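Student: After the structure tokens below, expect a handful of questions from me.
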Amino acid sequence: MSTKMPTEKVTLSVLTSDTSETTKALAKAFEKKYPNVTVDYRFTGVDSYDTSLELTLGSDKAPDLALLNKLGNTAKAGLLRNLDPYANAYGWTQKVPSSQLDQWRADGKNPGLGKGKLWAAPAGFSLVGVYYNKDMARKLGIREAPKTFGEFESALARAKAAGELPIQLPNMQGQSSYIFQALTNVFQGAGKSTEWAFGAPGSTIENETSSAAAEKLAAWAKKGYVSSNANGTDGPGAMNAFTKGKGLFMFDGNWDATAIDKALPGRAGFFTLPRKSADAPAVGVGTSLAYAVPARAQHPDVAAAFLDFMTSSEAGAIEFASGYMPVTPGAKITAPEHSVLSDYAASWKKVGDSDGLVPYINNSTPTMNDTVTSQGQQLVAGKITPADYVKALQTDWEKSYK
């Protein structure tokens, strides 16, 4: 390996399913810094991307960088390069918080995350929270974002009583898991949730707090607090409906922050689901927009240089402008007052200050995303019980970790 950039012309292939402008904008900035490098940006929709990724990584046409939505079996199958040599050479462990890098660590042989070799590096950090329509909130007599869980539930009831939709929910790809995990984190804190997501021995999601979270989600669906057509609605469809005034709240990630800001300038806000008391440590669901260097990459050193560029101040501004928090915590960011991006930055700080960021449970096993999608659709439709839901998640988890 080498950290020295080549002087000859290089075409760096980047495979992604990133729907934001982040990766594309970073690629253009990297090309400007290194005129001899051309980034071949290849986009594939997320559904087909995940199902074909392992075949692509193992082929003769493997890219130089590939987005990982989850680690899955890619490291265990020998499809990725260990990035620790680059992390040491470039000083990533000093630039990037360990809690953020650990989501992409595994020993490459056994199940479990959080420890071992580094298989991917971040291009920006995400946070799932709650968007709210300020215009609708004011009409309902709600002057600010809820500060406690009790206030949040009161707002749901108030919206329903007024004939408004409390929660715009897309569940075609299983986004009800955002609500379930937010509720679980609120009820039990970040510690137990992170242990389970990382596969810590002895962990279980069949516990009192996670069961209460599943029961709450099922109750909200039964009361009509979520979209009646949730299981047939995808993310873009829900966001379009939300920006047109259909829904007081919407659980979603920061990748839609800039689009919502444009559609509802000054009229939308963002917060992480509050806990029982306003002074309880903040918790949030999040991960990184992360890229791996395939084992069969043609230009691994240039790929690593691109990953290192993502930790720069210049890249940090690009990452934040497109809806992600910068890779480097010290990067300077600015956002218009009362904007969604401003709320998002404030929420990120609160979660970071309390060490309350929990990785997506969807990424906890190679098959968990499929499980939470199918089971979440059945739970919202009232076809299974909350107990059935958490049991299905634990059964999937035990197949990987026991």
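Student: Give, as residue ranges, the helices (runs of 4 or more DSSP H) completely inside the stretch 72-191 that count at least 2 residues that are surrounded by fewer than 23 Cβ atoms within 10 Å (Cβ to Cβ) and among the aromatic types (Phe, Trp, Tyr).
Tutor: 149-161
Student: Related question: Just give me the residues in the stretch 195-236 being part of a helix (DSSP H, G or I), farther than 22 Å from residue 153 by Cα and either modelled with pLDDT of 95 or more or in contact with a Gly (Cβ under 8 Å, 6 or more places away or on another chain) (or both), in sequence order.
Tutor: Those that are part of a helix (DSSP H, G or I), farther than 22 Å from residue 153 by Cα and either modelled with pLDDT of 95 or more or in contact with a Gly (Cβ under 8 Å, 6 or more places away or on another chain) (or both): 198, 231, 232.
Student: Give the stretch 240-254 a look and list any residue that's buried (at least 21 other Cβ atoms within 10 Å of the Cβ) and part of a helix (DSSP H, G or I), or say none.
Tutor: Answer for the stretch 240-254, where residues must be buried (at least 21 other Cβ atoms within 10 Å of the Cβ) and part of a helix (DSSP H, G or I): 242, 243, 254.
Student: Considering only the stretch 28-51, state which residues are part of a helix (DSSP H, G or I) and modelled with pLDDT of 95 or more.
Tutor: Across the stretch 28-51, the qualifying residues are 28, 29, 30, 31, 32, 33.
Student: So is residue 272 touching a Ser or Thr at 6+ places or on another chain (Cβ under 6 Å), touching a residue at least 12 places away in the same chain (Cβ under 8 Å) and of a type in the set (Val, Ile, Thr) or not?
Tutor: Yes.
Student: Another question about this same structure. What's the number of the only condition in (1) of a type in the set (A, V, I, L, M); (2) more than 17 Å from the chain's Cα centre (by Cα); (3) outside the structural domain of residue 218 (by TED's automatic domain parsing) that residue 379 fails to meet?
Tutor: Going through the list (1) of a type in the set (A, V, I, L, M); (2) more than 17 Å from the chain's Cα centre (by Cα); (3) outside the structural domain of residue 218 (by TED's automatic domain parsing), residue 379 breaks only (3).
Student: Let me ask something else. Write out, first by first residue and then by second, each pair whose Cβ atoms fall under 9 Å of each other, whose residues are 6+ apart or on separate chains, and whose first residue, in the stretch 84-95, is free of Cβ contacts under 8 Å to residues at least 12 places away in the same chain and in the same structural domain as residue 118 (by TED's automatic domain parsing) while the second is surrounded by 13 or more Cβ atoms within 10 Å (Cβ to Cβ) and not in a helix (DSSP H, G or I).
Tutor: Between residues of the stretch 84-95 that are free of Cβ contacts under 8 Å to residues at least 12 places away in the same chain and in the same structural domain as residue 118 (by TED's automatic domain parsing) and residues that are surrounded by 13 or more Cβ atoms within 10 Å (Cβ to Cβ) and not in a helix (DSSP H, G or I), the close pairs are 91/311; 93/118.
Student: Within the stretch 166-194, which residues are polar (S, T, N, Q) and under 18 Å from the mean Cα position of the chain (by Cα)? Before the answer, list the steps.
Tutor: Here is the first cut: in the stretch 166-194, the ones polar (S, T, N, Q) are 168, 171, 173, 175-177, 181, 184-185, 188, 193-194.
Those that are polar (S, T, N, Q) and under 18 Å from the mean Cα position of the chain (by Cα): 171, 173, 175, 176, 177, 181, 184, 185, 193, 194.
Student: Pick from 280, 331, 346, 268: which is more than 15 Å from the chain's Cα centre (by Cα), within 30 Å of residue 4 (Cα to Cα) and of a type outside the set (Ser, Thr, Tyr)?
Tutor: Selected residue: 331, the only one of 280, 331, 346, 268 that is more than 15 Å from the chain's Cα centre (by Cα), within 30 Å of residue 4 (Cα to Cα) and of a type outside the set (Ser, Thr, Tyr).
The values are calculated or read from the model by the stated rules, or taken from the named source; none is laboratory data. Predicted model, so just to flag it, every value in this text is computed and none were measured. FYI the Cβ positions are ideal-geometry reconstructions off the backbone, even for glycines, and counts take in every protein chain you see.
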